[in-house]
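Peer 1: This is the structure I want to talk about, given as structure tokens.
Read the figures in this text as sums done on the coordinates, not as results from a lab. Everything quoted here is computed from the prediction, not taken from an experiment. Backbone-built Cβ (ideal geometry, glycine too); neighbour counts: all protein chains shown.
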Amino acid sequence: MVKLLKIILLLVSSSLILAGCYDYVRGISHVNRKSPLPDSACIAEAIKSVQGVSNYVYKVESGGRPLILHGIEKPNKIHRHTYVFSGLNGNFYFNENYAGEVEYHHTYLGLNQTPSQKEINIIRPVINRIEKQIEKKCQLQGFVSGIEQACIGVNCE
């Protein structure tokens, strides 16, 4: 009987610990998994051509270090671009791995919260305009058509 109580107590406490570790993400995500890496100057030109966008900043960050069969590779390079539109902080980045493969990510997400529908309605058209300008100014034919959109817990109609 004591052994059964210990097992039950262990299961209950494990469940509570695991339940406390669950984070959720809600909002809008745009991803292009086979993106080229455009020059930062043409990205800056594209961003600045979108009316209402301000406080543009570009920086390169160090990302994760992939582990492959022959060992740990050099860290990914994260080419991050941040901006402000109508009081909302936006950001997108190009993640370049050791093999030169690049993924594009442009998101407006909340961790353990859902951005308001009002914010989504403001930022989503700007995300689309920025991406169209990147395609145009950086001469990336098909860039926009390669983007996958995910709307998690918000309406993107």
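Peer 1: Can you give the relative contact order of the range 14-129 as a percent, counting alpha carbon pairs under 8 Å and 6+ residues apart?
Peer 2: Here the relative contact order equals 32 percent.
Peer 1: Could you give the length gained by full extension between C42 and N121, i.e. 0.36 nm per residue of separation minus their alpha carbon distance, to one decimal place?
Peer 2: Contour length minus Cα-Cα distance gives 25.8 nm.
Peer 1: I've got another one for you. Between S86 and V60, what is the FRET efficiency for a Förster distance of 41 Å, r being their Cβ-Cβ separation, to the nearest 0.05?
Peer 2: Approximately 0.90, to the nearest 0.05.
Peer 1: For q = 0.17, 0.19, 0.21 Å⁻¹, what log10 I(q)/I(0) does the chain give under the Debye formula with an equal point scatterer on each alpha carbon and no solvent?
Peer 2: -1.03, -1.20, -1.35
Peer 1: Assuming a strict under-21 Å limit between Cα atoms, what lysine pair count do you get for the range 25-152 once near-sequence pairs (fewer than 8 apart, same chain) are dropped?
Peer 2: 12
Peer 1: I would also like to ask the following. Add -39500 (n - 2.57) for each DSSP H run of 4 or more in the chain, then divide by its residues: what number comes out at 222 nm, to the nearest 500 deg cm²/dmol?
Peer 2: -10500 deg cm²/dmol
Peer 1: Label 7 Å along Cα→Cβ of R26; the range 124-157 residues with amide nitrogen under 19 Å?
Peer 2: The answer is 124, 150-157.
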